[in-house]
Structures are given as structure tokens and as C-alpha cells.
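The values are calculated or read from the model by the stated rules, or taken from the named source; none is laboratory data. Bear in mind the structure is a predicted one, so any value in this text is a computation, not a measurement. Cβ placement follows ideal geometry from the backbone for every residue including glycine, while neighbour counts extend to all protein chains displayed. Just the protein is used for accessible areas: all its heavy atoms, side chains included, with ligands, DNA and RNA removed. Shrake-Rupley method; radii C 1.70, N 1.55, O 1.52, S 1.80 Å.
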Amino acid sequence: DRGVVYTLTIGASAESAEGEPMAAAFTSSFTTLPTYPVVLFTSPADGATGVAINTSVYIEFSMAMDYTSTLAAISIDPAVAYTPDFQNDDVTLDFAANLAASTTYTVTVDASAAAWGPGTTLGEDHVFSFTTGSGVDNTPPTIVSYSPVNGATNVSVDLGELVITFSEPIQGIDEPE
């Protein structure tokens, strides 16, 4: 269910296969996504420095968003011209020209951005900032890791997903959820 806190507890009386009890009890909890949209991921990340002046901004939401209200809710200071690439639960802002060097940009997705369908909104502004460096990014992306690994054997037919991690965001590929 959405918006629920789940807690896992393993008591100190749990034993290994050899009969050794745990050194201490273990407790961990997590909360599932709420019933309203939230920003899950941004690139550049909040507080990033030395960002290439030819970057794009990527924003991933927790659910499919309404095109009109979401794009109207996005602002950048200082203002720069961009073209949005909207894909249901994410948007990429491709700038018309390189950003100014050594400049802090603040991106705001205001509280009015609404989910598609039910129309629930963010409810509060999501703000992140990044500072550009002095040059463009000409470094080609690389694959950092992948699973299952090359040559893996006995991979379950119920694998569920292939995971490839790149050194930077790749066009047309969503960030992990």
C-alpha cells in the first residue's frame, strides 16, 4: 500500500545454522511512496558543482504527471530558454544554448504540479540548485556495472530485470526507482 510504514524486526534469539544467537536485535523500517506525487530524482543533483554548461535537467516523479500543470509549475532562476521532453513520470529540460559558466541555477517545481488522472498535487514546492563549471561535457558515457554479469550461468528464468548502470544519465532511459 502507498504511504505505509513497514518495520522488520529480528530478535536477538534468532540463531545461525550452527546455533549461534544474533549479537543484537535488528530493526529496520521503510515508508512506501505516498498517494500524491513526489520528486524522486533530479540530475544535476541538488548542490552539484562543476556541472557542464551543456547539461540538461532531468526530473523524475513518483507517478505519471499531468503535462500542462507540470510544465507550468517548473521555473529556473536565472531564467533560460528550454524545450521540455515530457515522458509521463519524468521530464528533461534541454536548453536552447549552453548555460552561463560559474553560475548557480535554481530549479523549482512548485506545489501545483499535478498527477495525471486523480489530479493530486505535489503539495509543496520541490527546489534544487546546481552550479555550472566553465566547460562543456565531451566525455562519452560508460557502463559502470551490469547484472547479470557477462558470462553468468544458471541465471533464473524469473530474473525480473536486467540492471545496467551508466556513468551519467542516458537519453531515453529512466533513472532507477
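Numerical summary
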read-out	value
Strands (runs of 3 or more DSSP E) wholly inside the range 104-161 that include at least 2 residues being aromatic (Phe, Trp, Tyr) and open to solvent by less than 70 Å² (accessible area, probe 1.4 Å)	126-132
Unmet requirement for Gly47, which otherwise passes all of (1) within 30 Å of Ala97 (Cβ to Cβ); (2) open to solvent by 60 Å² or more (accessible area, probe 1.4 Å)	(2)
Test: residue in the range 67-81 that is open to solvent by 40 Å² or more (accessible area, probe 1.4 Å), of a type outside the set (A, V, I, L, M) and touching a residue at least 60 places away in the same chain (Cβ under 8 Å)	no
Output for the range 29-52, where each listed residue is hydrophobic (A, V, I, L, M, F, W, C), touching a residue at least 40 places away in the same chain (Cβ under 8 Å) and in contact with a Phe, Trp or Tyr (Cβ under 9 Å, 6 or more places away or on another chain)	Val38, Val39, Leu40, Phe41, Ala45, Ala48, Val51
Failed item in (1) of a type in the set (A, V, I, L, M); (2) crowded, with 19+ Cβ neighbours inside 10 Å; (3) in a strand (DSSP E or B), with Met63 passing the rest	(3)
Residue among Asp85, Asp46 that is assigned to a strand (DSSP E or B) and within 30 Å of Gly135 (Cβ to Cβ)	Asp85
